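The block underneath contains the structure these notes are about, expressed in structure tokens.
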Amino acid sequence: MTDAAPESPAVNGGQPAEGPAIRVLAQFIRDLSFENPRAPDSMHSGNEQPAIDLGVEMSARGRIDGLFEVDLKLTVTAARQNEAVFHLELVYGGLFSITGVAEADIEPVLLIEAPRYLFPYARRIVSDMTSEGGFPPFLMEPLDFASIYAQRKAQGPLQQPVGQA
């Protein structure tokens, strides 16, 4: 047994290796709305399942302190016979520190990787809200944020570039 501290991997004259890093500094609900306009009648469906429409949006902005705010907006609308059953809207945000990433790669990191960190928590909130609204929990499948980002980019340039404010 030895009293010496284990050696850490080092490069550049004893400095620790520095690679890309994403840190989640905070997560929060920015906005949450659940509407059940026809309650309690909407909860008695008989055999007909409502049609569910899921909307997903991601946005990010740089801050003056070098951190980034990322929002994941989930919209779930259920309708039966063209009448609203429920409408849920959640904007779930996170504060991120991103280091060691090239400027050209910041946008994909913010709009693909950061939402991946936020999604499990937002998914739970959506499930809990639908359950608390008197419906079975709405359990979303995992989302492919890379495909969503690619589709958004294919539609044309982003309205507001991601970067420092």
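The values are calculated or read from the model by the stated rules, or taken from the named source; none is laboratory data. A quick note: this is a predicted structure, and the numbers were derived from the prediction, not measured. When we count neighbours, we look across all protein chains shown, and the Cβ atoms used for this are built from the backbone with ideal geometry, even at glycine. Calculation scope for accessible area: heavy atoms of the full protein, side chains included, ligands and nucleic acids excluded. Shrake-Rupley method; radii C 1.70, N 1.55, O 1.52, S 1.80 Å.
Only protein heavy atoms count here; on that basis, with a 1.4 Å probe, Leu74 has an accessible area of about 0 Å². Computed 3J(HN,Hα) for the range 87-104, one whole-Hz value per residue from the Karplus formula 6.51 cos²θ - 1.76 cosθ + 1.60 where θ = phi - 60°, is 9, 10, 9, 10, 10, 10, x, x, 10, 10, 10, 10, 10, x, 10, 4, 3, 5, glycine and proline marked x.
So the label point goes 7 Å from the Cα of Lys153 along Cα→C-beta, right? Which residues of the range 67-105 then have their backbone N under 20 Å from it? What the label zone holds, given the 20 Å backbone N cut-off, is 69-73, 98-105.
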